[in-house]
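See below for the structure under consideration.
Values in this text are rule-based calculations from the coordinates and carry no lab data. Please read all numbers here as calculations on a predicted model, not as lab measurements. Cβ sites come from the backbone with ideal geometry, for glycine too, and all protein chains shown count toward neighbours.
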Amino acid sequence: MQQKIAAEFLGTFWLTFGGCGSAILVAVLPASGIGYFSVALAFGLAVLTMSYAVGGISGAHFNPAVTIGLWLERRVAGIDVLPYIIAQVAGAVVAAAVLALIASGRPGFEMGVFAANGYGPLSLDRYSLLAALVVEVVATLFYVFIYMRVTAPGAPVGFAPIAMGLTLMLIHLVATPITNTSINPARSTGPALFAGTAYLSQLWLFWLAPLLGGALGACLAGALKEK
C-alpha cells in the first residue's frame, strides 16, 4: 500500500505540474507561443509518461473519479479508496505549491487565470454553470469508460497509457474554454488553494461533476463486456 500511495502521489503531482505548469505559461508569458493545443498535449503526455512509469504499481489512477469508478466495478478494494484519494489530492496540492513558488517570481502572476477551474465569470469564455456541469460530467464519463475498457482483461497489452493520454488531450481541447478542464477533483483542488476564494467557492462543482461522471462511466464500462 505504501508503494501504491507513493505512485499515486507522484503521478498526480506530475499531471498537475506538467499540465497546469504549461497552462500557467500562457498567462505569465503569452509570447511563449503555448496555446490550447500545447496545454492539452502537456496533460496527455503527463498521464501517458507516468502511467508507463508507475501503472504497474498503483494502476495509474491519478484521479479520484477513476478510483471511485473502479471501486464501483469492484476492481479496487474499498479499503484502498480513501488512501488513493488522499495521495492524489496531496500530490496535486504539492505540485500547485511548487508552481506557485516558481511562477510568483514573475510580476503579474495569477494562479487562477489558466491553472484553476471555474465557470461563469471565472470561465475563459464565461460559460454558465449548466454548461460547466454538462461538459465535466460527459468528459469524465468517457475518460473513465475508456480507462476501464483499455485496462480490462482482453485489451491490447501495453497500449492503455497511450489511449489514456490521447483521451485526456482530446478532452482538454474541448473543455478548456468552458471550465479550463477538470474531470479530476484532485487536479482542481491543488490550484484552487492558491488561486483565491472565488475559485474555492466553485470547487464543489469540480468534485461533484467528475465523481458523477466517473460513476456513470464505470456503469457503462461494466455494461459493455466481451462475451
Largest fluctuation, 159, 17, 43 only, Gaussian network model of the chain with Cα springs under 10 angstrom, belongs to 159
Options 65, 160, 202, ranked by Cα towards positive dipole end of the chain, top entry (Cβ charges):
160
FRET E, pair residue 74, residue 162, Förster distance 22 Å, beta-carbon r, rounded to 0.05:
0.25
Length gain on complete extension for the stretch residue 129 to residue 200, per 0.36 nm per residue less the alpha carbon to alpha carbon distance?
24.1 nm
Sort 51-63, 174-186 for me by packing, meaning the mean count of neighbouring Cβ atoms within 10 Å per residue, highest on top.
174-186, 51-63
Can you give me the Cα centroid spacing of region 37-88 and region 141-180 in angstrom?
11
Note on the chain: contact order normalised by length, alpha-carbon pairs under 8 Å, 6 or more apart, percent, works out to 31
Stokes-Einstein diffusion coefficient of region 2-223, Kirkwood radius over Cα pairs, 20 °C, 1.002 mPa s, in µm²/s:
127
